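Undergrad: Right, I'll just put the structure down here and ask away after.
The values are calculated or read from the model by the stated rules, or taken from the named source; none is laboratory data. Source: prediction; values computed, not measured. Here the Cβ positions follow ideal geometry from the backbone for every residue, glycine too, while neighbour counts run over all protein chains shown. Accessible surface areas use protein heavy atoms only, side chains included; no ligands, DNA or RNA. Shrake-Rupley method; radii C 1.70, N 1.55, O 1.52, S 1.80 Å.
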Amino acid sequence: MRLNILTLPGDGIGVEVTREAVRVLRHVAGKYGHELLLTEGLLGGVAIHKTGSPLPDETLRLALEADATLMGAVGLPEFDNAPPDKRPEKGLLGLRKALGVFANLRPVRAYASQLDSSPLKNHLVEGVDLIIVRELTGGLYYGVPRGITEDGGETRAVNTMSYTRSEIDRVARVAFRLAGGRRKKVTSVDKSNVLENSQLWRRVVCEVAKEFPDVALDHLLVDNCAMQLVLNPRRFDVVLTENLFGDILSDEGAVLAGSIGMLPSASIGGRRPSGAWVGLYEPVHGSAPDIAGQNKANPLGAIGSVAAMLEYSFGLKEEASAVERAVETVLDSGKVTADLRPCGAPATTEQVGMAVCAAMG
Ligand code: IPM
Ligand code: MG
């Protein structure tokens, strides 16, 4: 198969983890006889430096042409006080919206060999295998009106949480379909005791649920969900939630996996102008400028995102499971980066990437 992939390494550790993800991609292509067409583009802080924009037109064009995009990370402290349009994050948000990838899948697994990496007690995290389905192109991230205004000597900041019925409906369907192939349970997370937005969310999710009678549905308020994630994480199979809640809960979920460096993600649902499906794949972690360029970052979230890409964008299930099995073998072998190994000699980013390739044979 021909795999036409755009890479957007972005900022900070995005560069080094993407390098290892590409190493694994090349290895898979070689081993299974796929033709790999790789293009690299600019996104985030590096794009601002080189072009003045966090999402140059050229990057958008390349992403719309590619079958799938692999992103590293965006964000640099030097832009912390920059105006909204000159922030690296704006590039990523623009890309998600332009590609129309409305469903962000963030699996969280507690690997047996890494239980001690989590600050939680082993008996709580053992066997955790959940997936957060985060709505990705709506809610507070994109709602209007937004902005900071001066009025009568007072400064006001406004953001808007807005969802339409169809935006909720389509992401709910992704969650129910996914649950159908797993443990058949969807937990929808909202704040319907306070927000009208969440009341509509809950209503639409209940309607969609009727079409999936073999999938059980329950609802949690987001504050309670935050607590249940660390009190009783095994109760979760598929967690369905809106954009900001999903952003926050997925970082919390990383504690279950031992490190945020472990978490991959797949953003799906988008279509190109031609009608073809398009996906964006990115590790959940940020650009971690404090450790960038030191060959210490954990590349497994990025490598897991390659597995997700092979499965969702190309339907290459065998290749995807081969990558996932190799990741597990490497974890079992103890060849892991410092985030998973607080004492003892850690492996480098590059060594982990090479070990994953070696484990695939
Ligand atoms: C994530 C990140 C992004 C988000 C940032 C970098 C804009 O935190 O993917 O979780 O908030 O969506
Ligand atoms: Mg986040």
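Undergrad: Any idea which residue in the range 78-101 is most open to solvent (accessible area, probe 1.4 Å), counting only those that are assigned to a loop (DSSP other than H, G, I, E, B) and not small (Gly, Ala, Ser)?
TA: Across the range 78-101, the extreme among qualifying residues is Asn81.
Undergrad: Restricting attention to the range 260-280, which residues are within 15 Å of ligand 1 (Cβ to nearest atom) and surrounded by fewer than 22 Cβ atoms within 10 Å (Cβ to Cβ)?
TA: Ile260
Undergrad: Right, here's the next one. For the range 108-123, check the following and say yes or no: at least one residue is within 15 Å of ligand 1 (Cβ to nearest atom), closer than 19 Å to Tyr312 by Cβ and not hydroxyl-bearing (Ser, Thr, Tyr). If you could, list the steps in order and put the result at the bottom.
TA: Kept after step one, since they are within 15 Å of ligand 1 (Cβ to nearest atom), are these residues of the range 108-123: 108.
In the following step, the residues that additionally are closer than 19 Å to Tyr312 by Cβ were identified as 108.
From what's left, not hydroxyl-bearing (Ser, Thr, Tyr): 108.
Yes - at least one qualifying residue is present in the range 108-123.
Undergrad: In the range 281-301, is there at least one residue being part of a helix (DSSP H, G or I), buried (at least 24 other Cβ atoms within 10 Å of the Cβ) and either touching a residue at least 24 places away in the same chain (Cβ under 8 Å) or more than 16 Å from ligand 2 (Cβ to nearest atom) (or both)?
TA: yes
Undergrad: Give just the number: which of (1) open to solvent by 50 Å² or more (accessible area, probe 1.4 Å); (2) within 22 Å of Gly72 (Cβ to Cβ); (3) polar (S, T, N, Q) does Asn232 not satisfy?
TA: (2)
Undergrad: Moving on. Residues that are part of a helix (DSSP H, G or I) and open to solvent by less than 30 Å² (accessible area, probe 1.4 Å): does the range 182-195 have at least one?
TA: No, because not a single residue in the range 182-195 is part of a helix (DSSP H, G or I) and open to solvent by less than 30 Å² (accessible area, probe 1.4 Å).
Undergrad: Here is a follow-up. Tell me, which residue of the range 205-224 that is assigned to a helix (DSSP H, G or I) and farther than 18 Å from Arg182 by Cβ is least open to solvent (accessible area, probe 1.4 Å)?
TA: Looking at the filtered set, the residue picked out is Val222.
Undergrad: Any idea which of Glu126, Glu135 is open to solvent by 90 Å² or more (accessible area, probe 1.4 Å), among the charged types (D, E, K, R) and under 27 Å from Glu252 (Cα atoms)?
TA: Numbers: Glu135 fails: open to solvent by 90 Å² or more (accessible area, probe 1.4 Å).
Selected residue: Glu126, the only one of Glu126, Glu135 that is open to solvent by 90 Å² or more (accessible area, probe 1.4 Å), among the charged types (D, E, K, R) and under 27 Å from Glu252 (Cα atoms).
Undergrad: Separate question: Only residues that are within 23 Å of Asp290 (Cα to Cα) and among the small types (Gly, Ala, Ser): list them for the range 1-59, please.
TA: Answer for the range 1-59, where residues must be within 23 Å of Asp290 (Cα to Cα) and among the small types (Gly, Ala, Ser): Gly10, Gly12, Gly14, Ala21, Gly44, Gly45, Ala47.
Undergrad: Take Ser321 and decide whether it is open to solvent by 20 Å² or more (accessible area, probe 1.4 Å) and either more than 30 Å from Glu167 (Cβ to Cβ) or in contact (Cβ under 8 Å) with a residue 12 or more places away in the chain (or both).
TA: Against the criterion (open to solvent by 20 Å² or more (accessible area, probe 1.4 Å) and either more than 30 Å from Glu167 (Cβ to Cβ) or in contact (Cβ under 8 Å) with a residue 12 or more places away in the chain (or both)), Ser321 qualifies.
Undergrad: Shifting gears a bit: Being within 11 Å of ligand 1 (Cβ to nearest atom) and of a type in the set (A, V, I, L, M, F, W, C) is the filter here; which residues of the range 243-259 pass it?
TA: Hits for the range 243-259 are Leu244, Ile248, Leu249, Ala254.
Undergrad: Still on this model: Do we find that Val306 is modelled with pLDDT under 95, more than 16 Å from ligand 2 (Cβ to nearest atom) and within 16 Å of Met71 (Cβ to Cβ) in this structure?
TA: no
Undergrad: Being over 14 Å from the mean Cα position of the chain (by Cα), closer than 18 Å to Val125 by Cα and not aromatic (Phe, Trp, Tyr) narrows it down to one of Gly258, Gly270, Gly253, so name that one.
TA: Gly258
Undergrad: Something else now. How many of the residues making up the range 82-134 are among the polar types (S, T, N, Q) and within 16 Å of ligand 2 (Cβ to nearest atom)?
TA: 1
Undergrad: Read through the list (1) out of contact with any helix residue (DSSP H, G or I) (no Cβ under 6 Å at 6 or more places or on another chain); (2) within 25 Å of Thr164 (Cα to Cα); (3) among the small types (Gly, Ala, Ser), then give the number of the only condition that Ala257 fails.
TA: (2)
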